[in-house]
Amino acid sequence: MIAVTGATGNVGRALVERLVALGRPVRALTRDPQRARLPEGAEVVTFRPDDPAPALQGATRLFLYVQAAGPHAPALLDAARTAGVRHVVLLSSGIIQEGADETHPIHVMHATAEQHLRDSGLAWTFLRPNAFATNALQWAPQIRTGDTVRGVYADMLTAPIHEDDIAAVAERALLDTGHEGAVHRLTGPEATTNTDQIAAIGRAIGRDLTFAEVPADEAGPELFPHAPPEFVQSLLKSFAATIGVPPEITTTVEKITGTPARTFAQWADDHASDFRKI
């Protein structure tokens, strides 16, 4: 039995769908099973981070999403080991690398989770994706109502990865041997700017879209209205640092799955309905 936390998130949902399609026993852990809308064939159960044992009972492998555990990660891993879990695949972050700013909030969160897992006595695999293509969904409300997208740093460079490519790697790490103790850095296949991404979404929905850059100090509160100011500043600083700097590009997706990572244009085609006017 494979237990999947974050089962209604972008990566977790894609992983559940993949495992169900393969006929593998999968238990989707979610706080609200009634609203999960997960495929038939998945066992959908209530997950409480402060009392994880019931949801983990009988599972042998676990896909762990950092935010699903939160401050309860050590207790969750203890419960997982007691329940019979032997291997955990952690969705971590590409921000963890040599020379990184170890005070960055995103680094702290994921590095802490990785250390908890190392200390747990369980076999582990770390997935460290960089930019997610799904980050572009932040622009969906603007695109549904107009042809101009306001945002920061038109020229920031990333190699965004399709969430299903992350799920495909997680699937192989959970089902195949040889991934224990491995760290897999994951990216999309090519560098894109925010301007490039808006143009790709426009092509996917048949409209001419324009990216209008706004000053970061104006857009920060608009983009992250509920985030602490120090978190927003760290994030904007990270974005600014990508301008003119070629992003890391790996071939890990193809090496592990046998299929090349999908481009952002392919992601935009897959998600065109998310951007069309209602």
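The values are calculated or read from the model by the stated rules, or taken from the named source; none is laboratory data. The structure presented is a predicted model; accordingly, all values stated were derived computationally and were not measured. Here Cβ is always computed from backbone atoms with ideal geometry, including for glycine, and neighbour counts include all displayed protein chains. Just so you know, the surface numbers come from the protein's heavy atoms only, side chains and all, with ligands and any DNA or RNA stripped out. Shrake-Rupley method; radii C 1.70, N 1.55, O 1.52, S 1.80 Å.
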Give the residues of the stretch 18-51 whose amide nitrogen is closer than 20 Å to a point set 7 Å from the Cα of residue 57 in the direction of its Cβ. 25-34, 42-51
Given a Förster distance of 25 Å, the FRET efficiency implied by the Cβ-Cβ spacing of residue 214 and residue 67, rounded to the nearest 0.05, works out to 0.35
Quick one: 3J(HN,Hα) in Hz for the stretch 161-167, Karplus 6.51/-1.76/1.60 with θ = phi - 60°, rounded, Gly and Pro as x. 10, 5, 4, 6, 6, 5, 4
Checked against the positive end of the charge dipole of the chain (+1 on Cβ of Lys and Arg, -1 on Cβ of Asp and Glu, about the Cα centre), the farthest of 75, 97, 201 is 75
Suppose every Lys and Arg Cβ carries +1 and every Asp and Glu Cβ carries -1, with no other charges. What dipole size does the stretch 30-110 come out with about its Cα centre, to the nearest 20 debye? 300 debye
So who's got an amide H within less than 5 Å of the one on residue 185, skipping anything under 5 residues away but keeping other chains? H placed 1.01 Å off N, in plane. 128
How big is the chain by Rg and Dmax over its Cα atoms, in Å? 18.9, 55
Counting Lys and Arg as +1 and Asp and Glu as -1 over every other residue whose Cβ sits under 12 Å from the Cβ of residue 193, the net charge comes to -4
Looking at the stretch 1-129, what % of its DSSP beta bridges pair antiparallel, to the nearest 5? 0 percent
Dipole moment magnitude, nearest 20 debye, the stretch 1-142 about Cα centre, only Lys, Arg, Asp, Glu C-beta charged: 480 debye
What are the ³J(HN,Hα) values, in whole Hz, obtained from phi via the Karplus relation 6.51 cos²θ - 1.76 cosθ + 1.60 with θ = phi - 60°, for each residue of the stretch 210-216 in sequence order, with x given for Gly and Pro? 10, 9, 10, 6, 10, x, 4
In debye, nearest 20: dipole of the chain around its Cα centre with unit charges on the Cβ of K, R (+) and D, E (-)? 820 debye
Rounded tilt (10° steps) of 10-21 against the dominant C-alpha axis of the chain: 50 degrees
Excluding ligands, DNA and RNA, what is the solvent-accessible area per residue of the stretch 157-242 at a probe of 1.4 Å, expressed in Å²? 44 Å²
Sum -39500 (n - 2.57) across every DSSP H segment of at least 4 residues in the chain, then divide by the residue count to get the 222 nm mean residue ellipticity, nearest 500. -11500 deg cm²/dmol
Roughly how tilted is helix 194-205, in degrees to the nearest 10 and between 0 and 90, from the longest Cα axis of the chain? 80 degrees
Calculated FRET value between residue 135 and residue 31, using beta carbons and R₀ = 35 Å, to 0.05: 0.95
Dipole of the chain, positive direction: furthest Cα of 159, 8, 251, with charges on the beta-carbon: 8
Taking protein heavy atoms only, a 1.4 Å probe, and rounding to whole percent, the accessible area of the stretch 143-278 owed to carbon and sulfur comes out at 52 percent
Accessible area expressed per residue, the stretch 1-136, with surrounding protein chains retained (probe 1.4 Å, Å²): 45 Å²
For a quick check: with amide H placed at 1.01 Å from N, whose amide H comes under 5 Å from residue 211's, ignoring anything fewer than 5 positions away on the same chain? 149
With the convex hull built on the Cα atoms of the stretch 87-126, state its orientation-averaged projected area in nm². 2.7 nm²
Hey, quick one: spin label on residue 231, modelled 7 Å out along Cα-Cβ, who in the stretch 96-112 has an amide N within reach, i.e. under 13 Å? 105-110
